[in-house]
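Please read the structure below before turning to the comments.
The values are calculated or read from the model by the stated rules, or taken from the named source; none is laboratory data. This is a predicted model, so every value here is computed, not measured. Cβ placement follows ideal geometry from the backbone for every residue including glycine, while neighbour counts extend to all protein chains displayed. The protein model used for the area step is the full one, side chains on, heavy atoms only, and it has no ligands, DNA or RNA in it. Shrake-Rupley method; radii C 1.70, N 1.55, O 1.52, S 1.80 Å.
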Amino acid sequence: MSDLRDLYQEVILDHNRKPRNFRRLEAPTCSLDGHNPLCGDRISLDVTLEDGVIKDIGFAGSGCAISKASASLMTESVKGKRTGEAEALFEAVHQMLLRGPGGQFDPDEVGDLEVLAGVAEYPTRIKCAMLSWHTLNGALHGAHDAVSTETGDESGGS
Ligand code: ZN
């Protein structure tokens, strides 16, 4: 188990050091910014949709290792997928990260994104990992206002 955890750590560190698809697109069909005020993570996401397929995707921004690695993994996993498949993946990752202590998730549903499963044990980092996914979800649903991890869920937003 600890070996497995080390391996996941390695993958996350590698994506943080060399984020995939870390670039702005020249003519994206949708762009959206996301912000996680709790940690200060910021992402600008560009997506090129063609016939309901994510043809290209890129991101820029700054943030902690988890947010950057998660964004990198996210872009890699949804590129070439249909929007419906990307949304299903968003739901699966959301479930995996918010499953709570001892909660179960289906590794088949998340595929390579299982490397992020350990983040569920660190509640303060879950929003770091979810930021890029919330931003993608907003972009696919035509949102124009920047996504914040502090709005929508919970009450008490100012
Ligand atoms: Zn963060």
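Before moving on, here are some points about what is shown:
- Sequence-distant aspartates and glutamates (8 or more away, or on other chains) whose Cα lies within less than 12 Å of LYS81: GLU50, ASP51, ASP56
- Once the Cβ-Cβ distance of SER31 and GLN9 is raised to the sixth power relative to R0 = 41 Å, the FRET efficiency obtained is 0.85.
- Computed from point charges on the beta carbon alone (+1 for Lys and Arg, -1 for Asp and Glu), the dipole magnitude for segment 3-150 about its Cα centre is near 480 Debye.
- FRET efficiency for LYS18 and ALA60, using Cβ-Cβ distance with R0 set to 22 Å, rounded to 0.05: 0.90
- Candidate aspartates and glutamates for bridging to LYS55, where Cα separation is under 18 Å - those fewer than 8 sequence places away on the same chain excluded: GLU26, ASP46, GLU76, GLU85, GLU87
- Projected label distance in nm at LEU38 and THR151, using a 7 Å step from Cα toward the beta-carbon: 1.8
- Sequence ranges 64-75, 140-151, ranked by mean other-Cβ count within 10 angstrom, highest first: 64-75, 140-151
- For the pair GLU50 and ALA143 in one chain, pulling the backbone fully straight at 0.36 nm per residue adds 31.7 nm over the alpha carbon distance.
- Only alpha carbons enter this Debye calculation for the chain, each as an equal point scatterer, and the log10 of I(q)/I(0) it gives at q = 0.21 Å⁻¹ is -1.49.
- Those residues of segment 40-70 whose amide nitrogen sits under 16 Å from the label point placed on THR124, 7 Å along Cα→Cβ: 40-41, 64-67
- Percent accessible area from carbon and sulfur atoms, the chain, protein chains only, probe 1.4 Å: 49
- Mean accessible surface per residue for the chain, computed with a 1.4 Å probe while every protein chain stays in place, in Å²: 54
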